Amino acid sequence: MKIFIISRKKIYICFVILFIILIVSSIYVQGYSLVKQDSTVEDEFDNKVKELCNRREKVAYLTFDDGPTKNITPKVLDILKEENVKATFFVIGKSVENYPEIVKRAYEEGHYIANHGYSHNNENLYKSEESFVNEIRKTDEAIGKAIGIENYSSHIFRFPNGFMSPLYKSKKKNMAKVLTEMGYTYIDWNSLNNDSIKKYTKAQLTDNLKKSSKGKGTLVILMHDTKDVSNSSEALKESIEYLKSEGYTFENFYNIIEKLI
């Protein structure tokens with residue numbers, strides 16, 4: 001029988017390596033929580049997000065609002081996986097509570113889970129600053145519970161109907177300041193397929209996207225993973241293929257964070 005003797009130095013080195021692995025793993029599992037802890041990184045993240053729509057690089061950020069939904073979100077995820085594209089989902093808190101397993105799948109497949117408020121009800125959302133903060137926190141809590149991350153913060157919010165919409169404009173300006181105090185930023189879009197406007201066919205949805213993205217560099221594309229009006233999942237594959245043919249690569253907000261930390 002052979003007896004192996006391990007020196008104290010080797011044991012120490014092993015502990016150091018293990019400690020480094022644990023630290024790196026912690027950063028990954030917590031969804032890049034350094035963005036929240038480091039104000040410099042937080043400010044840089046805010047700047048990078050807000051300047052996206054004005055950049056000339058041909059990068060497409062696919063964003064899906066108002067989910068998750070039982071029938072459409074899984075179809076969207078299937079297509080994204082098939083096309084090897086990572087997207088961002090602006091989720092509604094109460095829907096996350098209904099379908100946590102779908103949110104978990106999206107997160108585990110590398111998609112960014114962002115905040116779209118708890119109720120998607122403007123009267124509730126803008127009733128007061130307290131109500132606004134509560135909607136965001138309740139949504140973050142629902143997301144964190146679904147994906148198994150305590151004290152989750154997505155750091156990105158999308159106003160229902162968008163910040164650019166004239167609805168509740170003065171209240172939105174005030175709430176934008178509240179977001180900054182919370183360590184959040186917000187983003188609208190500069191391209192869309194109009195799936196929430198009226199009922200369109202698959203070909204019409206794709207054509208709408210082509211028109212709205214024409215001549216632009218970086219695209220932040222608005223779609224919905226619902227079928228309340230039109231069903232974007234039916235046109236998603238063709239839309240991705242078109243963007244690829246135009247020379248676009250695809251990123252989500254994790255890519256921004258990775259470049260900052």
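Structural remarks
- Pairs exceeding a 22 Å alpha-carbon distance, out of Lys169/Lys259; Lys172/Lys259; Lys58/Lys199; Lys48/Lys211; Lys50/Lys173: Lys169/Lys259; Lys172/Lys259; Lys58/Lys199; Lys48/Lys211.
- The Cβ shell under 11 Å around Ile143 holds other residues with a net charge of +1, Lys and Arg each +1, Asp and Glu each -1.
- Relative contact order of region 198-261: 35 percent, from C-alpha pairs under 8 Å at least 6 residues apart in sequence.
- Radius of gyration and maximum dimension Dmax of region 104-261, Cα, Å: 16.7, 46
- Computed on the Cα atoms alone, the convex hull of region 170-220 gives a volume of 116 cubic angstrom per residue.
- Cβ crowding within 10 Å averaged over residues, with 151-158, 69-76 ranked highest first: 151-158, 69-76
- Stretching Val229 away from Glu83 to a fully extended chain increases their span by 50.1 nm, per 0.36 nm per residue minus the current alpha-carbon distance.
- Heavy-atom accessible surface of region 113-261, averaged per residue, reaches 46 Å², computed with a 1.4 Å probe.
- Over all directions, the projected convex hull of the C-alpha atoms in region 186-253 averages 4.7 nm² in area.
The values are calculated or read from the model by the stated rules, or taken from the named source; none is laboratory data. For clarity, every value in this text was computed on a predicted model and none was experimentally measured. As a convention, Cβ positions derive from the backbone with ideal geometry for all residues, glycine included, and neighbour counts pool all protein chains shown. Protein only, heavy atoms only, side chains kept; ligands, DNA and RNA dropped before computing areas. Shrake-Rupley method; radii C 1.70, N 1.55, O 1.52, S 1.80 Å.
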